[in-house]
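Trainee: I'd like to ask some things about the structure below.
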Amino acid sequence: MESDGLFSLVDPVGGRGAPTGTAAEGFTVPSADSPLPVRMRPASLDELVGQEHLLAPGAPLRQLVTGTSPMSVILWGPPGSGKTTIAHLVAHATERRFVAMSALSAGVKDVRAVIDTARRERRAGGRPTVLFIDEVHRFSKTQQDSLLAAVEDRTVTLLAATTENPYFSVISPLLSRCVLLTLQALDDDAVRGLLRRAVADQRGLAGALTLAADAEEHLVRLAGGDVRKALTALEAAAGSATALGETVIDLATAEQAVDVAAVRYDRDGDAHYDVVSAFIKSMRGSDVDAALHWLARMLVAGEDARFIARRIVIFASEDVGMADPTALSVATAAAHAVEYVGLPEAQLNLAQAVIHMATAPKSNSATTAIGAAIGDVRAGRGGSVPRALRDAHYSGARGLGHGAGYRYPHDDHRGVVTQQYVPDDLVGMDYYQPSGHGAERAVGTRLPLLRRIVRGQPPPANSTAAGQPANAPESGQPTRGTAPGRATNGTAPGPSASNGTAGPATNGTAAGPSASGGTAETAASGRAVEPAANGRLGEQAVSGAGTEVAVSGAGEPDDPGRGPEDGVHGKVTADGGGTPAGEEDQ
């Protein structure tokens, strides 16, 4: 049977339970018609490419290959990273007896037979035994338990390979008896070098064909760090070129041989940045289909999924922001899924996040706000921390006046108090300018009132306060039989209705009737308005645009003593900027 594709493991002589007894038994000798990855496996440690962190002088892997230390080792790494190649080097580089088996076909009986033979040889003064088990994570707990005593007393030196996390797939007692070595996927340069070696080496194509640069890059990208995959694709492309009578393996031949079209995407060149830019701009432009296309281009080209996830997380705050605060949660959840699940399944999580970002309302107010604040800090603006805000928890702080005059917002029934929070030279500075999009429209309605309270400013005269019409009573109570409201730009006023009477609209648009004794909305410029309900102020058209205000807790008819700032943290159902309720502004 093939084990990890780099050398063959054969069943022990005599079938299951009869282990082999000569050095390096369990391997087949590569022949001229062996697969290219088998023919090209390194013949010595010097030919091993990659894993430099494990090959330093005195490192455990080098000691294992040279036989200077009989320590047991578990090799953990992705497919094609060289686990079984290392086992092959161990088998041929030392004078030890080497037995190879695969967890796919071997059982406890096989393992015990190898251990018994190793014990007899050891007592007779024979060679020590190295037992290689491929795909050790497929061994059951009982099968792994059968190795413990022999590994403990070094009856055998265990060399095990796994693609699964050994902390989950290997029992703790066996893991504690071994040195764990982690192999990394080969980088593009290493894969490229091995492809060139295979083209020129006598064990490979022996220079009979040449590999075009674009075809080479295609095979490197296709491999994704798996050298076996790269060499297999090269062999297929070489076969196609030979059948066509060609001496050059070009891109078209390579594509046809592996049935995968080359994606025009260079992870280190202009194409990389162009595709990423198009991806971000498509989400910003709310073109969900284009965004999914560019996402697919990156995934198929082998782009690091973590890089894509990071870009989505950044986008969630940079371009969606407060218009949809849930976007950041979705983006970070997708990034976590990439780490937790991995590809290919994580492409589903990335696609969901991209769809959310592209279809969400957009706002860059957070981006511009922090940019302006950082600009002021870099320009030297911003003095010392106001005395009332300074840390006063330590002994002597009160004597320095720290914390003196601080007002605790929760002591106020509104949850907001008048207090200076910024340095003196930044008083009155407005960094954050909310948009009227999505959820941020509610913030835009509430923010002027919050700023007025915090800064101790009086209500603006002859203007809308906190989204209320200028002629509405400051307590926020609905008017009952009051004088008609007037539009501010000369538009004919629409009289307010009382006690459920419908108010007429200007320009022929029917105004919605008031309910529960509330004030009816007045529409201007022909725009339909919605009815007021539950005794709260409804919409009034100002400057030709319907302004809808419904601040929770403000304007209750049974609480005439409350001011306009009461209920500032209530829910605002519209933006105060002319968009009727239910009309999403993207």
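Trainee: Can you list the lysines whose alpha carbon is less than 18 Å from that of Lys141, not counting same-chain residues fewer than 8 positions off?
Mentor: Lys141 reaches Lys109.
Trainee: In straight Cα distance, which lysines are under 19 Å from Lys362, not counting same-chain residues fewer than 8 positions off?
Mentor: Reachable lysines: Lys281.
Trainee: Express in Å², to the nearest 10, the accessible area of Leu348 obtained by rolling a 1.4 Å probe over the protein heavy atoms while all chains stay in place.
Mentor: Surface accessible to solvent at Leu348 totals approximately 120 Å².
Trainee: Once the Cβ-Cβ distance between Arg455 and Lys281 is put in as r, and R0 is 35 Å, what FRET efficiency do you end up with, to the nearest 0.05?
Mentor: 0.35
Trainee: Starting from the Cα of Val288, move 7 Å in the Cα-to-Cβ direction to define the label point; list residues of segment 341-371 whose amide nitrogen is under 19 Å from there.
Mentor: 347-363
Trainee: Now, a different point. Based on Cα coordinates alone, diagonalise the gyration tensor for segment 216-352, multiply each eigenvalue by 5, take square roots, and list the semi-axes in whole Å, largest first.
Mentor: Result for segment 216-352: semi-axes of 36, 15, 10 Å.
Trainee: Amide H neighbours of Leu211 under 5 Å, at least 5 residues apart or on other chains, H built in the peptide plane: list them.
Mentor: Ile249
Trainee: Express in Å², to the nearest 10, the accessible area of Met71 obtained by rolling a 1.4 Å probe over the protein heavy atoms while all chains stay in place.
Mentor: 40
Trainee: Can you work out ³J(HN,Hα) from phi for every residue in segment 283-291, in order, using Karplus 6.51 cos²θ - 1.76 cosθ + 1.60 and θ = phi - 60°, giving whole Hz and x for Gly and Pro?
Mentor: Values, residue by residue: 5, 4, x, 6, 9, 5, 5, 5, 4 Hz.
Trainee: Amide H to amide H under 5 Å from Val179: which residues, 5+ apart in sequence or cross-chain, H placed 1.01 Å off N in plane?
Mentor: Ser72, Val73, Ile74
Trainee: For Asp46, Asp430, give me the order by solvent-accessible area with a 1.4 Å probe, most accessible first, ignoring ligands, DNA and RNA.
Mentor: Asp46, Asp430
Trainee: Skipping prolines and chain starts, which residues have an amide H placed within reach, meaning under 5 Å, of the one on Thr157, given they are 5 or more residues away or on another chain?
Mentor: Under 5 Å from the amide H of Thr157: Thr129, Val130, Leu131.
Trainee: Right, here's the next one. If DNA, RNA and ligands are ignored and the probe is 1.4 Å, what is the ranking of Tyr432, Tyr408 by accessible area, most exposed first?
Mentor: The residues order as Tyr408, Tyr432, largest area first.
Trainee: May I ask you to derive the relative contact order of segment 201-341, considering only C-alpha pairs under 8 Å and at least 6 residues apart, and to give it as an integer percent?
Mentor: In percent, rounded to a whole number, it is 17.
Trainee: Report the accessible area of Arg455, computed with a 1.4 Å probe over the heavy atoms of all protein chains in place, in Å² rounded to the nearest 10.
Mentor: Only protein atoms counted, so the area is about 90 Å².
The values are calculated or read from the model by the stated rules, or taken from the named source; none is laboratory data. As the structure is a prediction and not an experimental result, all values here were calculated from the model. Cβ atoms come from the backbone with ideal geometry, glycine included; neighbour counts cover every protein chain shown. Side chains are part of the model used for accessible areas, which takes the heavy atoms of the whole protein and leaves out ligands, DNA and RNA. Shrake-Rupley method; radii C 1.70, N 1.55, O 1.52, S 1.80 Å.
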